[in-house]
Amino acid sequence: MVYFLDELESKNLLKSLRPKARQVGVTEELRGWNWDTSPLKPYHDVSLPMYLICAGYCPTSRDVYLSKVKGMKGEYTHPVTMGVIIHDTVGQAFREAKLKKFDADFSSWYESMDYEKRLSGNFEEIRRCAKMVWNFILSAAKARFESCLVTQPYGSPEELILTTIPFLVEHRISGRLLGTSGMLSVDCFDYMRNIIFDLKVGFKGDRYRCRIYPTGYALVFESVYEVPVDIGCNVFINFKGERMIVEKDLFHINDDLRSWWIEERDNKAEIVYEEKDPGIPPSCPDDCIYRSVCGE
Amino acid sequence: MSRLVVDGWGKTIAVENEQIVVKEREANETKIVYRSIPSEIEQVIVTGSGSITTRAIELLAENGVDVVFIDWKGQVRARISPPIMRTVNTRREQYRAFDEPKGGALAKEFVRCKMRNQMSLLGTMAKTRRDSQPAKAQALSEGRHGIELWLEKLDEIRTASCNEIRDAIMGIEGNASAIYWDSISQLIDESFQFRNRSGRYATDPVNALLNYGYAVLEGECWKAIHYAGLDPYGGFLHVDRPGRASMVLDLMEMFRQQLVDKVVFELIFHKRVEPKEFEMENGVCKMQEGARKLLLTEILSKMEDHIRLPEKRMKWSDVIQREAVSVAKFLRGETTSYRGFWMRW
Ligand code: SF4
C-alpha cells in the first residue's frame with residue numbers, strides 16, 4: 001500500500017529487520033552527523049542532486065558530466081515523464097488525505113498541472129496509471145483513518161490524521177553538509193517508525209542498487225536532525241493492464257550501503273570537480289535520457 | 001576466548017592440574033604468571049625465546065588450539081596444529097582446481113580484493129589529509145586512481161587456469177603495489193628511511209614493522225585455512241615452493257592492508273614508535289622489545305575488534321575464518337562463485 005506497510009511487512013520489520021539492525025549496528029563514523037570528518041566529509045566542494053549520485057544507469061557516469069559540467073538537460077522520455085507524474089500524484093494524494101479530502105477530484109488536479117504542455121510521453125497511459133494511484137492512496141488512507149476513529153474515539157481529527165498517515169511526503173531538506181543539493185526532496189519519511197521511503201516507478205533494473213537512494217537520504221537526515229535512521233524502504237510501482245502492482249524492499253541501512261553511497265558521491269563529485277569526461281561505455285541502457293547527445 | 005602470547009626469555013608454557021600455565025623464572029624463583037583452562041584459549045603465540053612443554057602441546061592440540069612460533073625478524077618459524085578435522089574432499093578439489101579456471105578465478109579475486117583494499121586505504125588517508133596536507137592528499141588520490149586503472153586491466157583478463165594467467169595477474173599486482181607503496185612512502189617521515197617494500201629481510205623500521213605484523217597475520221590465516229580443511233601449501237596465486245605456505249599467503253592478500261598496514265601506519269603517524277627503537281643486526285633491521293610488544297598488542301587487539309558486515313557484526317579473526325570457509329565451499333562446488341573480502345573505507 002504505497003507507504004503503508006502490510007501485516008507481513010510489519011512483522012518482518014519488527015521481528016527481523018529491527019532486531020538485526022540493532023544487533024549489527026552502524027559504525028559511528030558513518031553516521032550522517034559526522035559530516036565534518038572523514039569519510040563522510042565531502043572531498044570536493046561540489047554539490048550534486050541525489051539522483052545523479054545514486055542513479056548509476058550510465059556505466060561510466062557520463063550523465064553526471066553532461067548534466068553538471070556541460071549543463072545539458074536530458075530528454076523527457078516516456079518513462080521519465082511517467083516517473084515525474086506518478087511522484088507528483090502520490091504527493092498530492094497524500095496532501096489531500098491529510099486534509100481529509102478523501103474524495104478529492106483527480107481530473108481537476110491533473111489538468112491544473114499542465115503536464116501535457118511541459119513534458120512528453122504517452123499521456124493517455126500515464127493519466128490512466130496516475131488515476132489508479134490516486135484512487136488507491138485516498139481509499140487506503142480513508143480506511144486507515146476510519147479504523148482509527150473507531151478505536152480512538154477521543155482523539156482529535158488532526159491527531160488521528162497525523163497518527164494514521166504518519167508520513168512526511170516530499171519532505172524538503174538540505175543535503176549541503178554532505179555535498180549534495182541544498183534542495184532535496186525525500187519521497188517519504190515515516191516519522192513514527194523512522195523509515196525513509198523512496199518511490200520507483202516502472203523500474204526494471206537492479207533492485208539492490210536502488211537501496212543507495214534511501215541510504216543517501218538517511219545520511220542527509222542524520223546530518224541535519226542528528227537522529228539515527230536505520231531502516232530504508234524502496235517502493236516499486238508497476239502497472240500491468242488495469243492493475244497497479246506495489247512491491248517493497250525494506251532493509252537495514254548498514255555500513256556497506258553507507259560507504260557505498262560515500263564512494264559514489266566522491267567518484268561523481270570528482271568528475272564534476274575535475275571536469276573530466278568519463279567517456280562512452282561499450283553499451284548504454286535503452287532508456288538513457290542522454291542517448292541523443294552521446295549518439296549511442 | 002583469549003589469545004595467549006608468550007614473549008621473552010625465561011617463560012615456559014606448561015600444564016598444571018589440566019590447566020595451561022605460564023611460568024616465569026626470576027632470579028631463583030619460579031612463579032606462575034598466567035593460568036587458564038585450554039578451552040578458553042583461541043591461539044598461542046610464542047615470540048622471542050619462550051618455551052613450551054610436550055604435555056602443554058598435547059593438551060592444546062586436544063582442545064583444538066594451535067601454537068605459532070614467530071621470530072624477531074617477523075617470520076613464522078613453526079606451527080603446531082591439531083590434527084585435520086575436515087574431509088579429504090576439500091583438498092582433492094583444491095589440487096584439482098589448480099589446473100582449472102576455478103583456480104585462476106580465485107587468484108584473480110585475491111588480487112582484486114587486495115587492490116580494492118589498497119585503494120580504500122589510500123582514499124581514506126587522502127580524505128583525512130584534505131584540509132591539513134592538501135598536496136599529500138592529492139598525491140594519495142592520484143595513487144588511488146592509478147590502482148583503479150590497473151584494476152580495470154585485471155578485469156579484462158579472461159579467467160583461465162592459474163598457470164595461464166598468473167604472470168599477467170602478478171604483473172598487474174606488482175604495478176598496483178608499486179603505486180601503493182610509493183604513495184605511502186610520501187607520508188612517512190624521512191627519519192624512518194622508508195623507500196619501498198623490501199620483503200623478507202627488512203632494511204628499515206617500516207619494513208621491520210610490516211614483516212612482523214604480516215607474520216602475526218600469517219598465523220591467523222594459517223589457522224583459518226587449517227580449520228576450513230584446505231592444504232596451507234596448495235595455493236593459486238603464489239607458486240609452489242618447498243616450505244612456502246602458498247594458500248596461506250593467498251588468503252592473506254585480502255587482509256594485509258586493513259589488519260597490518262593500517263595499524264603500522266597509525267603507529268608511525270601518531271609517533272607511537274620512533275626510529276630510535278630499531279637497530280641493524282647483520283644487515284637486518286631489528287625492533288627493540290618495546291616496539292615489538294606494542295605492535296603485537298595492537299594487531300592482536302585489532303583481531304578482536306568487531307567489524308560490521310552487511311548481515312553480521314563479527315570479529316576480524318572470524319572474518320578471516322569465514323573467508324577461508326567460503327574458499328573451501330567454492331572449491332567443493334557448494335557455491336558457484338567466490339567473492340573475496342574488501343572494504344570501501
Ligand atoms: S547515452 Fe550512454 S554514455 Fe551517454 S549518458 Fe547515457 S548511458 Fe552514459
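List the DSSP H helices in chain B whose Cα atoms stretch 15 Å or more along the helix axis and whose mean Kyte-Doolittle hydropathy is at least -1.0.
Sorted by number, the helices that extend far enough and score high enough are B:101-129, B:134-156, B:162-185, B:205-227, B:289-304, B:316-331.
Note down, for the stretch A:33-80, the three equivalent ellipsoid semi-axes (square root of 5 times each alpha carbon gyration tensor eigenvalue), biggest first, whole angstrom.
Equivalent ellipsoid of the stretch A:33-80: 26, 12, 10 Å, largest first.
Just grab the label-to-label distance for A:GLU242 and A:MET113, each label 7 Å out from Cα along the Cβ direction, in nm (one decimal).
In this crude label model, A:GLU242 to A:MET113 measures out at 2.3 nm.
Please say if the stretch A:236-280 is rounded, prolate or oblate, where rounded means a/c under 1.5 for a ≥ b ≥ c the square roots of the C-alpha gyration tensor eigenvalues, and otherwise the choice is prolate for a/b larger than b/c and oblate otherwise?
It is oblate, given that a/c is not under 1.5 and a/b is not larger than b/c.
Pick from B:ALA27, B:ALA228, B:ALA176: which residue has the top mean-square fluctuation in a GNM of chain B where Cα pairs under 10 Å get a spring?
Its mean-square fluctuation being the largest, the pick is B:ALA27.
Listed here are the pairs B:LYS271/B:LYS312; B:LYS127/B:LYS271; B:LYS102/B:LYS312; which of them are more than 32 Å apart at the Cα?
B:LYS271/B:LYS312
If you take the accessible area of B alone, add that of A alone, and subtract the area of the pair, what total do you get in Å², probe 1.4 Å, to the nearest 100?
2000
For B:LYS276, list the lysines whose Cα falls under 28 Å from its own Cα; do not include residues on the same chain fewer than 8 positions away.
B:LYS11, B:LYS73, B:LYS136, B:LYS262, B:LYS286, B:LYS293, B:LYS302
Mind checking which of A:TYR110, A:TYR154, A:TYR57 has the largest fluctuation in a GNM of chain A, springs on alpha carbons under 10 Å?
Per the Cα network of chain A with a 10 Å cutoff, A:TYR154 tops the list.
Using only the Cα atoms of the stretch A:4-72, build the gyration tensor, take square roots of its eigenvalues as a ≥ b ≥ c, and label the shape rounded, prolate or oblate: rounded if a/c is under 1.5, else prolate if a/b is larger than b/c, else oblate.
Judged from the Cα gyration tensor, the stretch A:4-72 comes out oblate (a/c at least 1.5, b/c at or above a/b).
Just the accessible area per residue of the protein assembly as shown, please: how many Å² with a 1.4 Å probe?
Value returned for the protein assembly as shown: 45 Å² of accessible area per residue.
Longest segment of chain B with no GluC sites (Glu not before Pro) in a DSSP loop having at most 13 other Cβ atoms within 10 Å?
Answer from the scan: B:19-310.
When chain A is treated as a GNM, springs tying every alpha-carbon pair under 10 Å, which of A:PRO282, A:PRO79, A:PRO42 comes out with the largest mean-square fluctuation?
Result for chain A, Cα springs under 10 Å: A:PRO282 fluctuates most.
Quick one: putting +1 on the C-beta of Lys and Arg, -1 on the C-beta of Asp and Glu, what dipole do you get for the stretch A:133-289 around its Cα centre, in Debye to the nearest 20?
I would put it at about 520 debye.
Shape call for the stretch B:226-345 from the C-alpha gyration tensor, a ≥ b ≥ c root eigenvalues: rounded (a/c under 1.5), prolate (a/b greater than b/c) or oblate?
Oblate.
Roughly how many debye, to the nearest 20, is the charge dipole of chain B about its Cα centre, given +1 on each Lys and Arg Cβ, -1 on each Asp and Glu Cβ, and no other charges?
Charge dipole of chain B: 460 debye, to the nearest 20.
Mind computing the radius of gyration and Dmax over the alpha-carbon atoms of the stretch A:1-119? Å is fine for both.
20.3, 52
Could you state, as a whole-number percent, how many of the C-alpha pairs of chain B are farther apart than 33 Å?
Summing the P(r) tail past 33 Å for chain B gives 30 percent.
When Cβ neighbours within 10 Å are restricted to other protein chains, what is their mean count per residue of peptide A:25-33?
That works out to 1 on average.
What does the charge count near A:LYS268 come to, summing +1 for each Lys or Arg and -1 for each Asp or Glu among other residues with Cβ under 12 Å from its Cβ?
-2
Within the set of other residues whose C-beta is less than 12 Å from the C-beta of A:LEU17, count the net charge using Lys and Arg as +1 and Asp and Glu as -1.
+3
Which one, A:LEU149, A:ASN194, A:GLY121, is farthest towards the positive end of the dipole of the stretch A:92-228 when Lys and Arg carry +1 and Asp and Glu -1 on their Cβ?
Sorting the options by dipole projection puts first A:GLY121.
In square nanometres and to one decimal, what's the mean projected area of the convex hull around the Cα atoms of the protein assembly as shown?
Reported value for the Cα convex hull: 35.4 nm².
Per residue, how much space in cubic angstrom lies within the convex hull of the C-alpha atoms of the stretch B:261-306?
Dividing the Cα hull volume of the stretch B:261-306 by its residue count gives 80 Å³.
Setting aside same-chain residues fewer than 8 positions from A:LYS101, which lysines have a Cα under 25 Å from its Cα?
Excluding near neighbours in sequence, the set is A:LYS131, A:LYS142.
List, largest first, the extents of the alpha carbons of the stretch A:7-274 along their principal axes, each in whole Å.
Here the Cα extents, ordered largest to smallest, are 55, 47, 28 Å.
Run down the lysines and flag those whose C-alpha is under 19 Å from the C-alpha of A:LYS248, throwing out any fewer than 8 positions away in its chain.
A:LYS11, A:LYS15, A:LYS20, A:LYS200, A:LYS204, A:LYS240
Which entries of B:LYS108/B:LYS329; A:LYS73/A:LYS276; A:LYS276/B:LYS108 show an alpha-carbon separation above 22 angstrom in the structure shown?
Over 22 Å apart, Cα to Cα: A:LYS276/B:LYS108.
The values are calculated or read from the model by the stated rules, or taken from the named source; none is laboratory data. From a predicted model like this one, the values you see are computed outputs, not experimental measurements. Neighbour counts run over all protein chains shown; Cβ positions are idealised from the backbone, glycine included. The area values use the complete protein model at the heavy-atom level, side chains included, leaving out ligands, DNA and RNA. Shrake-Rupley method; radii C 1.70, N 1.55, O 1.52, S 1.80 Å.
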